[in-house]
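Colleague: Right, I'll just put the structure down here and ask away after.
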Amino acid sequence: MLKTYSLLYYISFTFKKSKIGASVNVILKIAIALIPIAQIPILANFIDNTTEALGRGRITDSLIQAALFFIGILLLGYVVNIFSAFAKAKTSAIVGAAYEKQLLEKQSSLSYEVIENSEAHELINRVTEDCSEKFFKGFDNLMAICEYAIRIAGIAITVMSANIYVGAICFLVMVIIIPIAKKCGEEDYDAYDASSGKFRRARYFRNILSERDYADERKIFNYSRPVNEIWKEKFGEGIKISRSATKKNFVRIKSASCGTAISSCLIAGLLLLPLKSGEMSAGVYISLVSASISLISLISWNIAYLIEDCISYKLYMDDFGKFMELKENSRQNLNQNFNSAYVFEKNKSVKEIAFCNVRFKYPCSENYTLEGLSFRMTSGKRYAFIGENGAGKTTIVKLLFGLYDNYEGDIFINDTNIRNMPLEELYSYFSAVHQDFARYQIPLKDNLTIGCGNFSEQSLLSLIEKMGLTEKFNSLPERLDTDVGRLGDYGVDFSGGEWQRIAIMRALMRNAPIQVMDEPTASLDPISERDLYDLFANSFQGDIGILITHRLGGAKNADEIMVISGGRVCEQGTHNELLTLKGKYSEMYEAQRYWYS
């Protein structure tokens, strides 16, 4: 059964994460609501005493007392508002951080098929964008509605006790305004939903025009003007959607406000009757008219916008509910007390990997990428999987990593079906270098050792030398502690080839038994590719090495090559054996031979 998330989740989560902060916010909101109600008789008393003092021609003790009460209530309101702002800021920081942590934990547990789904990606962006600020605003919105509800009820009761017709007019204004505000809120969120994708696309093109990563090509290709036009187009589309909703809502609220202005005049006129008959003093009249106009203003503007925002927060919570129901990796929490460092050491030796009649197709696809794939890899060897783009080479790695588990057949590591492994244990078997490897904008030491467990500085220095980066390393101002990348003006950037060597060193530092290189040299020239594969081969430390590629410069040095076609292994053997077969491998190698001559 799916769990539903209502507006009350804003309140329950806030109290759960900051009970004191939430309680203080509620108490202060109630105080803020009651102060304007208390001001009505205090203001009336002050005006009446002022009138009496003017008639006597002297300041009376009653006037001084009334003035002190009036000044006191004003100061109290000022002080309470200051404390309320402070409490909101402090509670917002605590609750916002907790909420963001919850979203990050959910994101980290999402299944790979969800991450690759474009609709789910849009939903994730909507929910996580400015999430900490948005969540506390949802809580504060509900508290503000409660505050105004208390104020409206208190003022309405006070006014109705003087004149029942005035109360009826206030009630009628509320009946008209609230449905309008609800409609405005729904349209606002729909507009946000429709425009958010446009704005994200616009931000991407803005980054192309401003970030240093694109600076060289911006100059060479001189594309600033056409990209700027695309940015203006996408940004304009988002603005147009938002402006359309804002315009319609403004017209609705303005039209309703005309009626409220007429209502205010009518109330002032109705209260003249008891004033004329002597049933009401001038002070009471002025305070009640002021309170009535304030009440109408609260209903027609403040409450209208609060309800409009409330509907938006409700729709956001609907998206949050969908986000929380996104599919997680089914084995994410098999063992909550799993010690990854222990299992990593325990399973350091891998004797065999086996794919047994594996069939797999991607979600929303009708065609199988792998069709009954079977093979074995044994310890002490380096394997190369080659084939044309789309043959299923990278899919093999995704399944081996446990990124997808909706495949048919079985995959074994050391005679253990990987479906029966906790993910932490499965991950501990691997290190990998991908085509789109990460360039972490953090100190060099952290870049090389992130996720690798225990290490010595000497092992880092030895690997830097082996990878041919000693000269570069010696030029760094703070050696291993130097910030690298382009995140700040103080960072030291590397060339593309140097970044690739860092990615390989990171994989080697993990010292995992299965080491994978998935198209890591696709953007390199053949000579650089060959040199990089030689570096990896000379530094290989694991039990089984796996190379995924459609370029054969590194494949020929593998102990065994598997050619993937039609979702199966169509050829298998050493470089020389496959050339002798005169099959698909031989055909691909002959087509690429001149690259490596």
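Computed from the coordinates by the stated procedures, all read-outs in this text should not be read as laboratory data. Since we're looking at a predicted model, the values are computed, not measured. FYI the Cβ positions are ideal-geometry reconstructions off the backbone, even for glycines, and counts take in every protein chain you see.
Colleague: Return the loop-located GluC sites (Glu not before Pro) in region 55-153 (DSSP other than H, G, I, E, B) with at most 16 other Cβ atoms within 10 Å of their own Cβ; answer none if there are none. List each step's numbers first, then the result.
Modeller: Values: sites: E100, E105, E113, E116, E119, E122, E129, E133, E147; in loops: E116, E129.
Listed in order of number, the matching sites are E116, E129.
Colleague: Return the loop-located chymotrypsin sites (Phe, Trp or Tyr not before Pro) in region 69-120 (DSSP other than H, G, I, E, B) with at most 12 other Cβ atoms within 10 Å of their own Cβ; answer none if there are none. If you can, show how the numbers build up before the last one.
Modeller: Numbers: sites: F69, F70, Y78, F83, F86, Y99, Y112; in loops: none.
In loop regions of region 69-120 (DSSP not H, G, I, E or B), there are no sparsely surrounded chymotrypsin sites (Phe, Trp or Tyr not before Pro).
Colleague: What pairs from K106/K240; K17/K234; K398/K584; K101/K393 go past 31 Å between their alpha carbons? Before the final figure, lay out each step's value.
Modeller: Numbers: K106/K240 33 Å; K17/K234 39 Å; K398/K584 24 Å; K101/K393 35 Å.
The answer is K106/K240; K17/K234; K101/K393.
Colleague: Quick one: if you stick a label point 7 Å off each Cα along the C-beta vector at E371 and Y112, how many nm between them?
Modeller: 2.2
Colleague: Spin-label point model (7 Å from Cα, Cβ direction): what's the A89 to N357 distance in nm?
Modeller: 6.8
Colleague: Between K16 and S62, what length comes free when the chain is fully extended (0.36 nm per residue of separation minus the Cα-Cα distance, one decimal in nm)?
Modeller: Values: separation 46, 0.36 × 46 = 16.56 nm, distance 4.88 nm.
Separation in residues times 0.36 nm, less the Cα-Cα distance, equals 11.7 nm.
Colleague: Now, a different point. Could the peptides 471-484, 18-31 be put in order, highest first, of the mean number of other beta-carbon atoms found within 10 Å of their residues? Walk me through the intermediate numbers first.
Modeller: Numbers: 471-484: 13.9, 18-31: 17.6.
Order by mean packing, descending: 18-31, 471-484.
Colleague: How far apart, in nanometres, would the label points at L104 and E498 be if each is projected 7 angstrom from Cα along the Cα-to-Cβ direction?
Modeller: That separation, rounded to one decimal, is 3.0 nm.
Colleague: Right, another one. Ranked from highest to lowest mean number of other Cβ atoms within 10 Å per residue, what is the order of the peptides 493-504, 270-281, 421-432?
Modeller: Numbers: 493-504: 17.8, 270-281: 13.8, 421-432: 21.1.
Per-residue Cβ counts within 10 Å, averaged per peptide and sorted highest first, yield 421-432, 493-504, 270-281.
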